[in-house]
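Nothing in this text is a laboratory measurement; each read-out follows from the coordinates by a stated rule. Computed from a prediction, not measured in an experiment: that's the story for all the values here. In this analysis, Cβ positions are derived from the backbone assuming ideal geometry, glycine residues included, and neighbour counts consider all displayed protein chains.
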Amino acid sequence: GAYNFYQDPFHRVFSFLKVLLIYWGILLFPHDLRSRLDHAFPLSIYSPEVIISLLILAVVTYFSVKSFKKDRKITFGFSWFLVSLAPASGILIPLFSIITEHWLRMPSIGFFYLFSLEYLLRRSCWC
């Protein structure tokens with residue numbers, strides 16, 4: 001029979017990790033934007049998209065946790081991104097649309113907040 005994505009929570013997690021990588025790409029390089037994008041479901045944690053997304057997520061999480069005591073702004077921006085994207089992840093409650101760009105409106109606030117912090121930090125060093 002056909003593969004039923006909606007019954008398997010592990011494959012929903014793998015798909016969300018691939019979608020997360022696509023979302024980061026859309027936020028960094030917005031081109032060819034559409035209201036709904038289709039993609040193949042990764043069926044394994046060893047899928048290249050899943051591994052890359054896990055690595056990026058691990059690095060950003062590491063820096064976010066490391067900077068928590070020193071400057072909570074980084075942790076705030078990263079948390080804003082993840083928490084506001086969580087309902088659209090499809091992990092706990094399966095969604096029929098796996099990836100849609102309008103779900104990036106709220107998470108993009110945290111994403112670009114982090115970029116603005118980096119810009120302001122670099123600018124203050126050169127003044």
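In this simple spin-label approximation, PHE96 and LYS70 carry label points 7 Å from Cα along the Cα→Cβ vector, and these lie 4.8 nm apart. The convex hull of the Cα atoms of segment 10-109, projected and averaged over all directions, covers 6.6 nm².
Were the residues from LEU27 through GLU118 laid out at 0.36 nm apart, the gain over their Cα-Cα distance would be 31.2 nm. Distance between the pseudo-spin-label points of LEU54 and ALA86 (7 Å out from Cα toward the beta carbon): 2.2 nm.
The simple spin-label model puts a point 7 Å past each Cα toward its Cβ; for PHE41 and GLN7 those points are separated by 1.0 nm. Annotation: amide H of ILE99 within the under-5 Å range of LEU37, sequence separation 5 or more or interchain, hydrogens built in the peptide plane. For segment 60-126, the alpha-carbon radius of gyration amounts to 1.31 times the rule-of-thumb value 2.2 N^0.38 Å expected for a compact globular protein.
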